[in-house]
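Chemist: Dropping the structure in here first, questions after.
The values are calculated or read from the model by the stated rules, or taken from the named source; none is laboratory data. Everything numeric in this text was worked out from a predicted model, so none of it was measured. Neighbour counts run over all protein chains shown; Cβ positions are idealised from the backbone, glycine included. These area figures cover heavy atoms from the full protein model, side chains too; ligands, DNA and RNA do not enter into them. Shrake-Rupley method; radii C 1.70, N 1.55, O 1.52, S 1.80 Å.
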Amino acid sequence: MGDTAKLMRSSNDSIIQIIEMHKWYGQFHVLKNINLTVKRKERIVVCGPSGSGKSTMIRCINRLEEHQQGQIIVDGIELTDDLKNIDAIRREVGMVFQHFNLFPHLTVLENCTLGPIWVRQTPKREAEEIAMSYLARVKIPEQARKFPGQLSGGQQQRVAIARSLCMNPKIMLFDEPTSALDPEMIKEVLDVMIELAGTGMTMLVVTHEMGFAKTVADRVIFMDGGEIIEQNEPHAFFGNPQNDRTKLFLSQILAH
Amino acid sequence: MDDTAAATQKYPPGKHPSLPPPGLSTGPLLWIKENLFGSVTNAVLTVLAAWLLWVTIPPLLQWAFLDAAFTGESRKDCQAQSPGACWAFIQNRFELFVYGFYPVTERWRPNLAAVLLVVALLPVLWDNVPQRAKLLIFTCAYPFVAGWLLIGGLGLKPVTTDQFGGFLLTLVIGVTGISFSLPLGVLLALGRQSKMPVLRTLSIAFIEFIRGVPLITLLFVASAMLSYFLPPGTDFNLLVRVLIMVTLFASGYMAEVVRGGLQAIPKGQYEAAQSMGIGYWKMMRLVVLPQALKISIPGIVNTFISLYKDTTLVIIIGLLDPLGIGKASLADAKWQGLSTEVYIFVAVFFFISCFGMSRYALYLERKLDTGYRR
Ligand SMILES: Nc1ncnc2c1ncn2[C@@H]1O[C@H](COP(=O)(O)OP(=O)(O)OP(=O)(O)O)[C@@H](O)[C@H]1O
Ligand SMILES: [Mg+2]
């Protein structure tokens, strides 16, 4: 096992490797034999019907969920019960949630500096400067002193993205970042994500925004019933799906 | 009239200006009419309430102030002056009510401790106090400073704790219980939620035991039974035992109050914190507890207040809290039969303290409100 881990580290262009990974919730086999390698700077969109295990899979990558079998190696570190490893990986992996999960008792700026100050030991002044630059990048520097409860959904999600970026992560995970938003706010969040993709960030995005997948993704992954059914680059994935379940899913989702 | 007319006026689509809300009634008479006599039930209740106030308040004021005697050396003196309350009694025993039997020459020490208590509380209660960081260090040192002042030693004349009494005793027990039961309660609540079975079981057992036993029982245990368990010859101060019991008792309740707050924190808050790689204690301190404690403020203050009032139970094991002092004073032949005065006096003291706590809690809740409702 140690040898494999070392080997993985040497193959420098892959940053996430999931090898024959299984997960159960009690008796329920939720993820079945997941194999996935993500290259540095790769942008992957994960789609699939509700309950297919998309969230569970990406949450395994930063150990918000525990897998029971197989291996997950992130940036050369294998995820085990070792808390040190887990925290080391979490520092490098940012996550954006469907419901933003901003800290309501802290201002926008404090939300963004909490991680850098307390996890990375960045001096407060410096952390604030970095935070302001990211807030400017997501186009809400003027909201820095407000509380999350005073912002619109789209603004909150952009703060959440900025908060993750302030930790200077190597990988960003997005779990349906626009599903809780009204249509007119979806675009402002997607624009920020497209801009982020342009900077070469490694991104794993669970989303039903197929327009985003077509323009941004290097690869689209389709999951159903806890398995990766099909994966391909977007043009082929949407133009020429192979599996019947993929075809059905695409016909349903594109019918809207 | 003008406003309603304006609001119904037609504007071309997209051109409607923002208007002030339709005339809210102003003026005291209109207010009274709408709020006190708005409906038949309302009017009946208003009249009833006014009548009740009319029958109770004037006689009370008459007794407590107009007909009261404020000076005198015995109950007879009072009765000679007037038919109302005999506050001369309280006046006469005032120092006893405040200090108990604390030596007269040393009373500057509890006084100083009280002043320092205010200083120690300032940075805890308000966050825009100048030099807050330095004051907080003093706050942490305060228990030792106060303990030294009150008990003596190290250059001060020793005072035994059985000389403590009155409001001094109330404050010692109340402040100690309040300041230690909150952190202990938080730890117990976290323990109860822990994934470690031993820790969880111990926390649950402790909390359930405390909640299942009356405080009086614990106080009896503190006063009598503990000496059986302790190795013979150990002299374990009774007041310290009481402090420990009161603190433990309140912390059991506190733990449940805090647990309620913890349960109201959405899982997403933990996940957002965890996904940054922050450790458990930092997550709790920076993200979870600030929110959980804020939600729990009403329950926490409730526990504080009941702890504070429960300090009067120590009378049962022979400590002279204000009620104990009152009871002892009433035994004096010169002052017999004045229990109303004593209990009203003690009640007013407790009411002021508890009302203060409750108002502060309201202020705190308003201050911590960041407008997040989800
Ligand atoms: N904590 C849990 N305990 C038990 N079962 C769970 C738990 N979380 C999720 N599941 C189940 O696991 C399956 C996969 O859930 P998951 O949230 O990963 O789906 P998803 O693909 O993200 O769906 P959606 O598009 O609705 O978000 C579902 O059937 C769900 O009911
Ligand atoms: Mg999901």
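Chemist: Does B:Val115 fit the bill of being under 24 Å from B:Gly166 (Cα atoms) and surrounded by 14 or more Cβ atoms within 10 Å (Cβ to Cβ)?
Modeler: no
Chemist: Quick check on this structure: which one of B:Thr105, B:Thr139 is exposed (fewer than 12 other Cβ atoms within 10 Å of the Cβ) and either in contact (Cβ under 8 Å) with a residue 12 or more places away in the chain or within 21 Å of B:Leu168 (Cα to Cα) (or both)?
Modeler: One residue alone meets the criteria, B:Thr105.
Chemist: Would you check which residues across region A:99-134 are open to solvent by 30 Å² or more (accessible area, probe 1.4 Å) and facing another protein chain (nearest Cβ under 8 Å) and list them?
Modeler: Selection gives A:His99, A:His105, A:Trp118.
Chemist: May I pose another question? I'd like to verify a number: residues in region A:170-191 that are open to solvent by less than 10 Å² (accessible area, probe 1.4 Å) and either more than 16 Å from ligand 1 (Cβ to nearest atom) or within 14 Å of another protein chain (Cβ to nearest Cβ) (or both), how many? First the steps, then the outcome.
Modeler: Taking region A:170-191 and keeping what is open to solvent by less than 10 Å² (accessible area, probe 1.4 Å), we get A:171-174, A:177-178, A:189.
The next check asks that each one be either more than 16 Å from ligand 1 (Cβ to nearest atom) or within 14 Å of another protein chain (Cβ to nearest Cβ) (or both); those that pass are A:171-174, A:177, A:189.
Residues flagged as open to solvent by less than 10 Å² (accessible area, probe 1.4 Å) and either more than 16 Å from ligand 1 (Cβ to nearest atom) or within 14 Å of another protein chain (Cβ to nearest Cβ) (or both) within region A:170-191 amount to 6.
Chemist: Does A:Val96 qualify as being within 16 Å of ligand 1 (Cβ to nearest atom), hydrophobic (A, V, I, L, M, F, W, C) and either surrounded by 20 or more Cβ atoms within 10 Å (Cβ to Cβ) or farther than 29 Å from A:Gln17 by Cβ (or both)?
Modeler: For A:Val96, the condition - within 16 Å of ligand 1 (Cβ to nearest atom), hydrophobic (A, V, I, L, M, F, W, C) and either surrounded by 20 or more Cβ atoms within 10 Å (Cβ to Cβ) or farther than 29 Å from A:Gln17 by Cβ (or both) - is met.
Chemist: May I pose another question? Determine, yes or no, whether B:Leu364 is open to solvent by 20 Å² or more (accessible area, probe 1.4 Å), among the aliphatic types (A, V, I, L, M) and more than 14 Å from every other protein chain (Cβ to nearest Cβ).
Modeler: no
Quick grid of which residues meet (1) under 21 Å from B:Glu365 (Cβ atoms); (2) touching a strand residue (DSSP E or B) at 6+ places or on another chain (Cβ under 8 Å); (3) more than 10 Å from chain A (Cβ to nearest Cβ); (4) surrounded by fewer than 19 Cβ atoms within 10 Å (Cβ to Cβ):
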position	(1), (2), (3), (4)
B:Gly252	no, no, yes, no
B:Arg259	yes, no, yes, no
B:Ser275	no, yes, no, no
B:Trp281	no, no, yes, yes
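Chemist: Still on this structure, I have one more. So, in region A:234-256, how many residues would count as being open to solvent by 50 Å² or more (accessible area, probe 1.4 Å) and part of a helix (DSSP H, G or I)?
Modeler: Of the residues in region A:234-256, 10 are open to solvent by 50 Å² or more (accessible area, probe 1.4 Å) and part of a helix (DSSP H, G or I).
Chemist: Restricting attention to region B:339-358, does a residue exist that is open to solvent by 70 Å² or more (accessible area, probe 1.4 Å), within 14 Å of chain A (Cβ to nearest Cβ) and in a helix (DSSP H, G or I)?
Modeler: No, region B:339-358 has no match at all.
Chemist: While we're here: Which one is surrounded by the most Cβ atoms within 10 Å (Cβ to Cβ) among residues in region A:135-154 that are in a helix (DSSP H, G or I) and within 14 Å of chain B (Cβ to nearest Cβ)?
Modeler: A:Pro148
Chemist: Considering region A:46-75 alone, what residues qualify as being away from ligand 1 (no atom under 14 Å from the Cβ) and either away from every other protein chain (no Cβ under 14 Å) or closer than 14 Å to A:His22 by Cα (or both)?
Modeler: Of everything in region A:46-75, those that are away from ligand 1 (no atom under 14 Å from the Cβ) and either away from every other protein chain (no Cβ under 14 Å) or closer than 14 Å to A:His22 by Cα (or both) turn out to be A:Arg63, A:Gln69, A:Gly70, A:Gln71, A:Ile72, A:Ile73.
Chemist: Quick check on my filter: what residues within region B:291-321 are farther than 19 Å from B:Val175 by Cβ, open to solvent by less than 50 Å² (accessible area, probe 1.4 Å) and over 17 Å from the mean Cα position of the chain (by Cα)?
Modeler: Once the filter is applied, which keeps residues that are farther than 19 Å from B:Val175 by Cβ, open to solvent by less than 50 Å² (accessible area, probe 1.4 Å) and over 17 Å from the mean Cα position of the chain (by Cα), region B:291-321 yields B:Gln291, B:Ala292, B:Ile317.
Chemist: Can you name the condition, by its number, that A:Asp175 falls short on among (1) within 16 Å of ligand 2 (Cβ to nearest atom); (2) closer than 30 Å to A:Thr122 by Cβ; (3) at pLDDT below 95?
Modeler: (3)
A quick yes/no check of all residues on (1) part of a helix (DSSP H, G or I); (2) open to solvent by 100 Å² or more (accessible area, probe 1.4 Å); (3) touching a residue at least 60 places away in the same chain (Cβ under 8 Å); (4) farther than 30 Å from B:Thr161 by Cα:
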site: B:Leu53; (1), (2), (3), (4): yes, yes, no, yes
site: B:Thr56; (1), (2), (3), (4): yes, no, no, yes
site: B:Ala64; (1), (2), (3), (4): yes, no, yes, yes
site: B:Asp77; (1), (2), (3), (4): yes, no, no, yes
site: B:Gly84; (1), (2), (3), (4): no, no, no, yes
site: B:Asn92; (1), (2), (3), (4): yes, no, yes, no
site: B:Val98; (1), (2), (3), (4): yes, no, yes, no
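Residues checked against (1) buried (at least 19 other Cβ atoms within 10 Å of the Cβ); (2) under 18 Å from A:Ile34 (Cβ atoms):
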position: A:Gly198; (1), (2): no, no
position: A:Thr207; (1), (2): yes, no
position: A:Lys214; (1), (2): no, no
position: A:Ile221; (1), (2): yes, yes
position: A:Asn232; (1), (2): no, yes
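Chemist: Still on this model: Output the number of the condition that A:Glu227 fails; it satisfies all remaining conditions of (1) surrounded by fewer than 19 Cβ atoms within 10 Å (Cβ to Cβ); (2) in contact (Cβ under 8 Å) with a residue 60 or more places away in the chain; (3) in contact with a helix residue (DSSP H, G or I) (Cβ under 7 Å, 6 or more places away or on another chain).
Modeler: Condition (3) is where A:Glu227 drops out.
Chemist: Which residues, taken from region A:214-226, are within 16 Å of ligand 2 (Cβ to nearest atom) and either more than 16 Å from A:Lys247 (Cα to Cα) or part of a strand (DSSP E or B) (or both)?
Modeler: If the condition is that a residue be within 16 Å of ligand 2 (Cβ to nearest atom) and either more than 16 Å from A:Lys247 (Cα to Cα) or part of a strand (DSSP E or B) (or both), then A:Ile221, A:Phe222, A:Met223, A:Asp224, A:Gly226 are the ones that fit.
Chemist: Okay, next question. I need a count of the residues in region B:286-308 that are more than 9 Å from chain A (Cβ to nearest Cβ) and closer than 28 Å to A:Leu165 by Cα.
Modeler: Looking only at that region, the number is 3.
Chemist: Out of all the residues in region A:52-67, which are closer than 14 Å to A:Gly225 by Cβ and near ligand 2 (Cβ under 9 Å from one of its atoms)?
Modeler: A:Ser52, A:Gly53, A:Lys54, A:Thr56
Chemist: Only residues that are of a type in the set (Lys, Arg) and within 16 Å of ligand 2 (Cβ to nearest atom): list them for region A:18-51, please.
Modeler: A:Lys23 - this is the single residue of region A:18-51 that is of a type in the set (Lys, Arg) and within 16 Å of ligand 2 (Cβ to nearest atom).
Chemist: Let me ask something else. Take the conditions within 12 Å of another protein chain (Cβ to nearest Cβ), away from ligand 1 (no atom under 16 Å from the Cβ), in contact (Cβ under 8 Å) with a residue 40 or more places away in the chain and closer than 20 Å to A:Thr215 by Cα and apply them to A:Met167. Does it pass?
Modeler: The answer is no for A:Met167.
Chemist: Going through region A:204-244 one residue at a time, which ones are more than 21 Å from the chain's Cα centre (by Cα) and under 21 Å from A:Ile18 (Cβ atoms)? Can you show your working first?
Modeler: Pass one, region A:204-244, residues more than 21 Å from the chain's Cα centre (by Cα): A:235-236, A:238-244.
Once the filter is applied, which keeps residues that are more than 21 Å from the chain's Cα centre (by Cα) and under 21 Å from A:Ile18 (Cβ atoms), region A:204-244 yields only A:Asn243.
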